[in-house]
Amino acid sequence: MASETQRGWNNAFRSWRPHHYRQSKLTPKQRDAITQRLADGETVAALALEYGVSRRTIDHYRP
C-alpha cells in the first residue's frame, strides 16, 4: 500500500502531465506537398527552411 507521501507525489505527477498532444506544425495539405516535392527531388534542407521546421520534421515525410 502506498504511503501518504507517495500518494502526494503520484497526484502531483498526474496534474503535471499534458492532457493532449501538441498541435502539428504542418497542415495535412503542407505534408502532402512536402511528400510530393521530396519525390520530385527537392532537398530536405530547402523545404525545412521554407516551412520553418527542422530537417528532421521534413524527414518524416520522405516517400
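In region 21-35, what residues are modelled with pLDDT under 95, open to solvent by less than 100 Å² (accessible area, probe 1.4 Å) and among the polar types (S, T, N, Q)?
Residues satisfying the conditions are SER24, THR27.
Which ones in region 36-63 are among the β-branched types (Val, Ile, Thr) and open to solvent by 50 Å² or more (accessible area, probe 1.4 Å)?
Passing the criteria: only THR43.
The values are calculated or read from the model by the stated rules, or taken from the named source; none is laboratory data. Please read these numbers as outputs of a predicted model, since none were measured by experiment. Surface areas here come from the heavy atoms of the whole protein model, side chains and all, with no ligands, DNA or RNA. Shrake-Rupley method; radii C 1.70, N 1.55, O 1.52, S 1.80 Å.
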